[in-house]
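Notes to accompany the following structure.
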Amino acid sequence: MADLKLTDVAKSYGDVNVLRNIDLDITSGEFIVFVGPSGCGKSTLLRMIAGLERITGGTLEIDGQQMNDIPPSQRGIAMVFQSYALYPHMTVRDNMAFALKIAGQSKEQIQQATDRAGKMLQLTPYLDRLPKALSGGQRQRVAIGRAIVRDPKVYLFDEPLSNLDAALRVATRIEIAQLKESMPDRTMIYVTHDQTEAMTLADRIVVLAGGGIAQVGAPLELYERPVNEFVAQFIGSPAMNLLPGRITGTGARTRVRLDAGGECEVAIPTGPEDEGLTVSLGVRPEDMRITDGPALFEGEVDLTEALGEVTLLYFGTGLEADPVIAKLPGIHNKLNHTTVRLTADPEAMHLFHEGNSLLYRDNPPPSAPRRMPEPEGGEDLDEIAKPNPAR
Ligand SMILES: Nc1ncnc2c1ncn2[C@@H]1O[C@H](COP(=O)(O)OP(=O)(O)OP(=O)(O)O)[C@@H](O)[C@H]1O
């Protein structure tokens, strides 16, 4: 068992508030991923859970026991760092055994634990090597092995794959997913900048922004039903297009006229009072397709990027929405500098008013935070994670 409960957790360094109002319930066995822009406090939050940073407000409980003042070694937690943090003069086995020796375990216990971890991580042939004789991926596996031998209740990973090249990243990501499957009752919390890691590893993603939580939810919930423009643009790559417009027809489906000229229908219900409301139409690049019929957007392609399986088309609109991006399956570099008409399915589009999704107006998701962070320190954060849309 390893349930974690964070209640109103805050962190400040002197006068600088880095995190505030963090409420989060993590259930035993969950794989939680923290994402958010650089400097939003992901590592700080992880380090507070580990006990490496003092919690300056609120409480952290693990299995019902308050942990604020419990030293890291007594929290039942192990942390894996981006930098591996291996002892260069010790063999792989000694690196993994180190914490167990300090804890006074017997030789047999240590041998058993390191053999087991070596086997789980396919490190058995390397147990007598020094870290310098290992690849980056193998070193990171040793770092994970050091955590495993201690058999913690909670694993914390701080960008563990970011020093690896692309192919090793994929291989090690899959190993971490398999590791989680082999330890279903262990809780894992993972910080990353990598969308693929977040989307594929997480049971739930926590999007941090502006010192607070913008949304918590299953990866596809955040992708399909973002609560606000910030989450909509943060999850998914390239980011969701946001096209300014106005509601011109209401009902079970909503009609929108875009400032750039196009028109479309969105499968989100609105009432007569919404007539004329200014909105942003959210369309993911991968949901756009070329049409001969009515278009929601028409423009000249400024640039194409053919990536093989998909082609990205970039359009300048002269509006705030620049550039509008479409992601089409296949190779379409001949479309460069041609005029293209684009549409998308009504079910695939989103509507935001003053930054917040109209989808949640009368029906806030349980994952949306109860209290929103106040913007602070001159950061332009007031559009992030507001309560449900005010009209
Ligand atoms: N010891 C410290 N003293 C003052 N400010 C700090 C200290 N440590 C971190 N910060 C600040 O706290 C904020 C959050 O830092 P943190 O490293 O947690 O962000 P992050 O989201 O993990 O960033 P990144 O994605 O770039 O790794 C940053 O603005 C950082 O400058």
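The values are calculated or read from the model by the stated rules, or taken from the named source; none is laboratory data. Keep in mind it's a predicted model, so treat the numbers as computed, not measured. Here Cβ is always computed from backbone atoms with ideal geometry, including for glycine, and neighbour counts include all displayed protein chains.
Of the residues making up segment 152-190, those that are under 19 Å from G29 (Cβ atoms) and within 16 Å of the ligand (Cβ to nearest atom) are L156, F157, I189, Y190. Of the strands (runs of 3 or more DSSP E) lying entirely inside segment 172-269, those containing at least 2 residues that are among the basic types (K, R) are 254-258.
Listed here are the residues, each with its yes/no results for (1) basic (K, R); (2) assigned to a helix (DSSP H, G or I); (3) on the phi > 0 side of the Ramachandran plot.
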{"residue": "Q109", "(1), (2), (3)": "no, yes, no"}
{"residue": "Q122", "(1), (2), (3)": "no, no, yes"}
{"residue": "Q138", "(1), (2), (3)": "no, yes, no"}
{"residue": "G145", "(1), (2), (3)": "no, yes, no"}
{"residue": "L164", "(1), (2), (3)": "no, no, no"}
{"residue": "L168", "(1), (2), (3)": "no, yes, no"}
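Considering only residues in segment 36-60 that are of a type outside the set (S, T, Y), more than 10 Å from L19 (Cα to Cα) and over 23 Å from the mean Cα position of the chain (by Cα), the one that is farthest from the ligand (Cβ to nearest atom) turns out to be G58. Among residues of segment 218-234 being within 10 Å of the chain's Cα centre (by Cα) and surrounded by 21 or more Cβ atoms within 10 Å (Cβ to Cβ), the one that is nearest to the ligand (Cβ to nearest atom) is F234.
Taking segment 191-204 only, how many residues are within 16 Å of the ligand (Cβ to nearest atom) and either within 21 Å of G282 (Cα to Cα) or not assigned by TED's automatic domain parsing to the domain that holds K11 (or both)? Spell out how you get there, then give the answer.
To start, the set of residues in segment 191-204 that are within 16 Å of the ligand (Cβ to nearest atom) comprises 191-195, 197-198.
Checking which are either within 21 Å of G282 (Cα to Cα) or not assigned by TED's automatic domain parsing to the domain that holds K11 (or both) leaves us with 195.
So the count comes out to 1.
Is there any pair linking a residue in segment 160-171 that is at pLDDT 85 or above to one that is in a helix (DSSP H, G or I) and of a type in the set (S, T, Y), with Cβ under 7 Å and at least six apart or on different chains, and which? Pairs that qualify, where the first residue is at pLDDT 85 or above and the partner is in a helix (DSSP H, G or I) and of a type in the set (S, T, Y), are L161/T172. Condition check: part of a helix (DSSP H, G or I) and more than 15 Å from G210 (Cβ to Cβ). Does S28 satisfy that? For S28, the condition - part of a helix (DSSP H, G or I) and more than 15 Å from G210 (Cβ to Cβ) - is not met.
Taking the conditions (1) within 16 Å of the ligand (Cβ to nearest atom); (2) in a strand (DSSP E or B); (3) surrounded by 18 or more Cβ atoms within 10 Å (Cβ to Cβ) in turn, A78 satisfies each one other than (1). In segment 1-35, of all residues being within 15 Å of the ligand (Cβ to nearest atom) and either of a type in the set (S, T, N, Q) or at positive phi (or both), the one that is surrounded by the fewest Cβ atoms within 10 Å (Cβ to Cβ) corresponds to G14.
The one condition from (1) surrounded by 23 or more Cβ atoms within 10 Å (Cβ to Cβ); (2) farther than 12 Å from I32 by Cβ that Y190 does not meet is (2).
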